[in-house]
Amino acid sequence: MEDLVIVGAGGFGRETLDLVMALNQAQEKWSVLGVVDDSPSPANLERLARRGVPHLGGIADIPRAVAVAVAVGRPRARRAIVDELAGGGHRYPALIHPSAVVGTRFQHGEGLIVLGGVSIGTNVEIGAHVHLNAHAVVGHDTRLLNHVSVNPNATVSGECVVGPLTLLGASSTVLQQITVGEDVTIGAGAVVTRDVTSGVTAKGVPAR
């Protein structure tokens, strides 16, 4: 088994613990040393303690050259953590839930985290440190760039491009052949019907 440290004591970090449990049930591979978080809430520390997972301290306490899953939901915070860990010799494995459906000709970068029930179409390209939350859908021939977060039940249709640091809210939909820029927030339930420029928040139906 390989040692793994999870960054983030919040909801997505603990969802990632469940993902690792599912992977180990399918084929034992990971030994979770614990969770690191610079400022965990008392409630989240209690939740970790109830499931017997130690809080190891902050980012600086991650052992060198260990496998790391950066399970922090906010894209900018996630990138900052990856930058802080640079040079530490860490490996960032792709963690894909056994229940995910993944099409042919799938390419991805390091640090991908895919939760249960996700569907990924054929010829999809995903960058580094991307999060696909439960039951998200990524259509055929789509590209998601680095540090994108796709929240639960969100859909990115075929032949789309989603720029780095963008967050797609729960149950949002990006229609076919749309380009979404960098550092965009798409609101929960929004329907994106046209290209979205970088650095904006779009919400509503259609999203504006």
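Size of the dipole of the chain about the Cα centre, Lys and Arg at +1 and Asp and Glu at -1 on the beta carbon, nothing else charged, in debye to 20?
That gives the chain a dipole magnitude of about 360 debye.
Based on the Cβ-Cβ distance from Gln176 to Arg74, what FRET efficiency comes out when R0 is 22 Å, to the nearest 0.05?
Values: r = 28 Å, r/R0 = 1.26.
Efficiency at R0 = 22 Å is approximately 0.20.
In what sequence, largest accessible area first, do Val101, Val161, Val118 appear using a 1.4 Å probe? Numbers along the way, then the final one.
Details: Val101 90, Val161 45, Val118 0 Å².
Ranked list, largest accessible area first: Val101, Val161, Val118.
What value, in deg cm²/dmol to 500, does the helix sum -39500 (n - 2.57) over DSSP H runs of n ≥ 4 give at 222 nm once divided by the residues of the chain?
Mean residue ellipticity, 222 nm, calculated: -5500 deg cm²/dmol.
When the C-alpha atoms of the chain are aligned to their principal axes, what extent does each axis show, in angstrom, from largest down?
So the extents along the principal axes, rounded to whole Å, are 45, 33, 33.
Taking the Cβ of Pro93 as the center, what net charge do the other residues with Cβ under 10 Å away carry, scoring Lys and Arg +1 and Asp and Glu -1? Numbers along the way, then the final one.
Values: positive: Lys29, Arg91; negative: Glu2, Glu110.
Residues close to Pro93 contribute a combined charge of 0.
Measure off, as a whole percent, the carbon and sulfur share of the 1.4 Å-probe accessible area of the chain, all protein chains present.
Looking at the chain in its full context, I get 49 percent from C and S.
Tabulate in residue order the Karplus-calculated ³J(HN,Hα) for segment 155-160, using 6.51 cos²θ - 1.76 cosθ + 1.60 with θ = phi - 60°, rounded to whole Hz; enter x for Gly and Pro.
10, 10, 6, x, 6, 9
Could you order Ile96, Ile178 by accessible surface area, starting with the largest, using a probe radius of 1.4 Å?
Ranking Ile96, Ile178 by accessible area, largest first, yields Ile96, Ile178.
Leaving out ligands and nucleic acids, note down the accessible area per residue over the chain with a 1.4 angstrom probe, in whole Å².
On the way: 9320 Å² over 208 residues.
Computed with neighbouring chains in place, this is 45 Å² per residue.
Roughly how big is segment 1-62's charge dipole about its Cα centre, with Cβ charges of +1 (Lys, Arg) and -1 (Asp, Glu), in debye to the nearest 20? Provide the component values of the computation, followed by the final result.
Numbers: 5 positive and 9 negative charges, 45 e Å.
Charge dipole of segment 1-62: 220 debye, to the nearest 20.
Given R₀ = 25 Å, FRET efficiency for Asp3-Ala60 by Cβ-Cβ distance, to 0.05?
Calculated value: 0.90.
Roughly what % of Cα-Cα distances in segment 85-208 sit above 21 Å, to the whole percent?
The proportion of pairs with Cα distances above 21 Å equals 30 percent.
In debye to the nearest 20, how big a dipole does segment 70-122 give about its Cα centre with +1 on each Lys and Arg Cβ and -1 on each Asp and Glu Cβ?
Values: 6 positive and 3 negative charges, 25 e Å.
Approximately 120 debye in magnitude.
Answer rounded, prolate or oblate for segment 109-166, using the Cα gyration tensor with square roots of eigenvalues a ≥ b ≥ c: rounded when a/c is under 1.5, else prolate when a/b is larger than b/c, else oblate. Intermediate results must be reported in sequence, preceding the final value.
Values: a/c = 1.42, a/b = 1.02, b/c = 1.39.
It comes out rounded by the Cα gyration axes.
Between Val102 and Asn123, how many nm apart are label points set 7 Å from Cα along the C-beta direction?
Modelled inter-label distance: 2.0 nm.
The values are calculated or read from the model by the stated rules, or taken from the named source; none is laboratory data. What you see is a predicted model, and the numbers here were worked out from it, not measured in a lab. Positions of Cβ are generated from backbone atoms using ideal geometry, with glycine treated the same way; all protein chains shown enter the neighbour counts. All accessible areas refer to the heavy atoms of the entire protein, side chains included, with ligands and DNA or RNA removed. Shrake-Rupley method; radii C 1.70, N 1.55, O 1.52, S 1.80 Å.
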